[in-house]
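J.: Sharing a structure here in structure tokens format.
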Amino acid sequence: MNTSIQKAAEAIRTPGGLLVFTGAGISVESGIPSFRGQGGLWEQYDPAFIEIENFYARSEYCWAQIKKIFYDHWGAASPNPAHYAIAAMQKHGWVDTIVTQNIDALHQRAGARDVVEFHGTLDRLVCTKCRFRATPTPELLSGAVPRCPDCGAMLKPDFVFFGEGIPEEASDRAFRSAMTASAILVVGTSGEVMPACQLPYVVKRHGGLVIEVNPDESAFTRGGITDIFLQGKAGEVLPKLLAAAENEAKDPA
Ligand code: NAD
């Protein structure tokens, strides 16, 4: 067996708190493109439609783009074997916290529970005035800009637009978990989006192990903090890692 997989399998089963930290790359095999790089969303679209000031100034145009990309296209995506493998690791009791930078809710659709959504989610709308939260039902999504059922102001997807802050509770939970995690499993993130990209450094600083899954090098691999680099696609590597850890559980060395 590949020794890197074996070492990672041992580490993820070691009691002490495993933090799973995912980014856009984990959903690429579900047909959701990343933002940057080849084939990324910004090759096709100008990101201004999710800049908060622009959203207020040109709401109808921005909403039409949001609906097309995030609800019509991304909303039809399904979890892939990587999302299912993480949900299974959590069911085995090996995972302390799952933190995702993704807004697509695919971890939850694969059965993961209590996921920390660092950048919010598509699966909720929020009122720009009274902060009422609403489910994005087909009725709310069918017209022009959806309106708050409570106060009538505009609704927006409850994810972080450019120019908005990170949800405080999600950030606190993520960093608290990183401060005590014995290992972090980093999947499909370039490590360039602040402040989420600080999490692996926090784990490393107190002696935790950094395991990374990515077909390419990231800021973490390049920066030398990755201890175990499992190079490859998340949908191929994570099921192998899960199987290795399950075998380890049946047949401890
Ligand atoms: P990123 O776009 O900066 O980097 C994506 C990373 O995924 C790259 O390192 C790439 O090599 C890797 N990758 C590509 N295919 C992969 C695969 N099959 N398996 C594993 N890794 C693969 O993504 P980021 O670091 O998450 O930062 C972008 C920000 O944009 C995120 O914070 C997120 O909020 C948002 N975003 C979310 C989604 C989503 O919800 N699915 C999609 C795009 C962007």
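The values are calculated or read from the model by the stated rules, or taken from the named source; none is laboratory data. This is a predicted model, so every value here is computed, not measured. We place every Cβ from the backbone using ideal geometry, glycine too, and count neighbours over all the protein chains shown. Surface accessibility is based on the protein's heavy atoms, side chains included, excluding ligands, DNA and RNA. Shrake-Rupley method; radii C 1.70, N 1.55, O 1.52, S 1.80 Å.
J.: Find me the longest stretch of the chain that has none of the exposed trypsin sites (Lys or Arg not before Pro), where exposed means in a DSSP loop (not H, G, I, E or B) with at most 16 other Cβ atoms within 10 Å.
T.: For trypsin sites (Lys or Arg not before Pro) (loop position, at most 16 other Cβ atoms within 10 Å), the longest site-free span of the chain is 132-253.
J.: Here's something else I'd like to know. Once amide H atoms are placed 1.01 Å from N in the peptide plane, what residues at a sequence separation of 5 or more from residue 183, or on another chain, have their amide H within under 5 Å of its amide H?
T.: 19, 209
J.: Mind checking the full-extension length gain between residue 52 and residue 169? Use 0.36 nm per residue of separation minus the Cα-Cα distance, one decimal, nm.
T.: Extending this stretch completely gives an extra 40.1 nm.
J.: Let me ask something else about it. Leaving out ligands, DNA and RNA, what percent of the accessible area of segment 60-125 is carbon and sulfur, probe 1.4 Å?
T.: 48 percent
J.: May I ask for the distance between the Cα centers of segment 85-114 and segment 144-210, given as a whole number of Å?
T.: Answer, in whole Å: 14.
J.: State the extension gain, in nm to one decimal, for the chain segment bounded by residue 139 and residue 151, taking 0.36 nm per residue of separation less the distance between their alpha-carbons. Kindly include the intermediate steps, with their values, before the conclusion.
T.: Numbers: separation 12, 0.36 × 12 = 4.32 nm, distance 1.72 nm.
Value of the extension gain: 2.6 nm.
J.: Using the crude model of +1 on Lys and Arg Cβ and -1 on Asp and Glu Cβ, and no other charge, please compute the dipole size for segment 1-156 relative to its Cα centre, in debye to 20.
T.: Using Cβ point charges on Lys, Arg, Asp and Glu, segment 1-156 gives about 280 debye.
J.: Any idea what the relative contact order of segment 1-67 is, in percent, if you count C-alpha pairs under 8 Å spaced at least 6 apart?
T.: Reported as a whole number, the value is 13 percent.
J.: Pairwise over distinct Cα atoms, reciprocal of the mean inverse distance: report the Kirkwood radius of segment 75-201 in Å, one decimal place.
T.: So the Kirkwood estimate lands at 16.0 Å.
J.: Also, I was wondering about something else. Using Cα positions and a limit of under 18 Å, work out the lysines in reach of residue 240, with same-chain residues fewer than 8 apart set aside.
T.: 7, 91, 250
J.: Same structure again: Using each residue's phi in segment 63-72, evaluate 6.51 cos²θ - 1.76 cosθ + 1.60 at θ = phi - 60° and report the 3J(HN,Hα) Karplus result to the nearest Hz, with x for Gly and Pro.
T.: Ordered by residue, 3J(HN,Hα) equals 4, 4, 5, 4, 5, 4, 7, 7, 8, 6 Hz.
J.: Given the Cα-Cα distance of residue 61 and residue 76 and 0.36 nm per residue of separation, how much length would full extension add, in nm?
T.: Contour length minus Cα-Cα distance gives 3.2 nm.
J.: Here's a follow-up. Separation between the residue 206 and residue 251 pseudo-spin-labels, each 7 Å from Cα along Cα→Cβ, expressed in nm?
T.: Placing both labels 7 Å beyond Cα along the Cβ direction yields 3.6 nm.
J.: Related question: Using C-alpha positions alone, give me the convex hull volume of the chain per residue in cubic angstrom.
T.: Measuring per residue, one finds 120 Å³ for the Cα hull of the chain.
J.: Rolling a 1.4 angstrom probe over the protein heavy atoms, how many square angstrom per residue are accessible across segment 1-108?
T.: Working: 4780 Å² over 108 residues.
Each residue of segment 1-108 exposes 44 Å² on average to a 1.4 Å probe.
J.: Report P(r) for segment 54-116: all Cα-Cα distances, bin width 10 Å, range 0 to the bin holding the largest distance, values in whole percent.
T.: P(r) over segment 54-116, rounded to whole percents: 20, 38, 23, 15, 4.
J.: Restricting to DSSP H runs of at least four residues, report the calculated mean residue ellipticity at 222 nm for the chain, -39500 (n - 2.57) per run over all residues, nearest 500 deg cm²/dmol. Mind dumping the intermediate values first?
T.: Values: 11 runs with 90 residues, N = 253.
Roughly -9500 deg cm²/dmol at 222 nm, from the helical runs in the chain.
J.: For residue 231 and residue 14, what does the FRET efficiency come to when R0 = 22 Å and r is the distance between their Cβ atoms, rounded to the nearest 0.05?
T.: Calculated transfer efficiency: 0.50.
J.: Can you figure out the FRET efficiency of residue 162 with residue 68, using R₀ = 22 Å and their beta-carbon distance, to the nearest 0.05?
T.: 0.75
J.: Excluding residues on the same chain fewer than 8 positions from residue 204, give the aspartates and glutamates whose Cα lies under 16 Å from its Cα.
T.: Within the straight-line cut-off, residue 204 pairs with 212, 227.
J.: Which residue, chosen from 23, 122, 90, occupies the Cα position most advanced towards the positive end of the dipole of the chain, where the dipole is computed from +1 (Lys, Arg) and -1 (Asp, Glu) charges on Cβ about the Cα centre?
T.: 90
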